[in-house]
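Let me begin by presenting the structure, written as structure tokens, before commenting on it.
The values are calculated or read from the model by the stated rules, or taken from the named source; none is laboratory data. Not measured: the values here are computed from a predicted model. Neighbour counts run over all protein chains shown; Cβ positions are idealised from the backbone, glycine included.
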């Protein structure tokens, strides 16, 4: 069995058996090297160090890329921001569970949480809600009264959080959103 190996990173591109003439045709000159593969070597567990196959260290995550010497994180700050926003967009909570947690966090009083559980807008949210145009206020009231599952990106939640000085991190905690790692 032979392996085609990327010279730059030592990554095993592919492994297999074929005639030596066919094997040479599979490698890219000056970019790949061909090496015989001893038993137990796999492309997902080993790399070529220039002289011999070596075991790869444990991969820290699916995002990791092998650079020839170590696993690196190729993600940019924009990638992390996009992953966090995606997690926020997907986060939803049962209304009663969310209200209990908001009361425990001190965001709502227990009477306000009960009021909100009944479908009414909590009194402390009213100043923020009144800053919206009248039509938007009506839509927010209807949505709040009818929804039993509340999204992390619910406009009323975002507006009230901003008005009450709740940070994005606190809101993430209430919705179980974790920053990507």
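Residue 85 is checked against (1) touching a residue at least 40 places away in the same chain (Cβ under 8 Å); (2) under 25 Å from residue 180 (Cα atoms); (3) assigned by TED's automatic domain parsing to the domain that holds residue 158 and fails just one. What number does that condition carry?
The single condition residue 85 does not satisfy is (1).
So which residues in segment 143-175 are under 22 Å from the mean Cα position of the chain (by Cα), surrounded by 13 or more Cβ atoms within 10 Å (Cβ to Cβ) and not in a helix (DSSP H, G or I)?
The answer is 150, 151, 152, 153, 154.
Considering every residue within segment 11-29, establish whether at least one is touching a strand residue (DSSP E or B) at 6+ places or on another chain (Cβ under 6 Å) and modelled with pLDDT of 95 or more.
No, every residue in segment 11-29 fails to be touching a strand residue (DSSP E or B) at 6+ places or on another chain (Cβ under 6 Å) and modelled with pLDDT of 95 or more.
For segment 121-142, enumerate the residues that are surrounded by fewer than 15 Cβ atoms within 10 Å (Cβ to Cβ) and assigned to a loop (DSSP other than H, G, I, E, B).
131, 133
Name every residue in segment 89-112 that is assigned to a helix (DSSP H, G or I), farther than 13 Å from residue 157 by Cα and over 23 Å from the mean Cα position of the chain (by Cα), in order of residue number.
Across segment 89-112, the qualifying residues are 96, 97, 100, 101, 103, 104, 110, 111, 112.
Taking segment 156-178 as the search range and keeping residues that are modelled with pLDDT under 90 and in contact with a helix residue (DSSP H, G or I) (Cβ under 6 Å, 6 or more places away or on another chain), which one is farthest from residue 96 (Cα to Cα)?
If we take residues in segment 156-178 being modelled with pLDDT under 90 and in contact with a helix residue (DSSP H, G or I) (Cβ under 6 Å, 6 or more places away or on another chain), then 163 is farthest from residue 96 (Cα to Cα).
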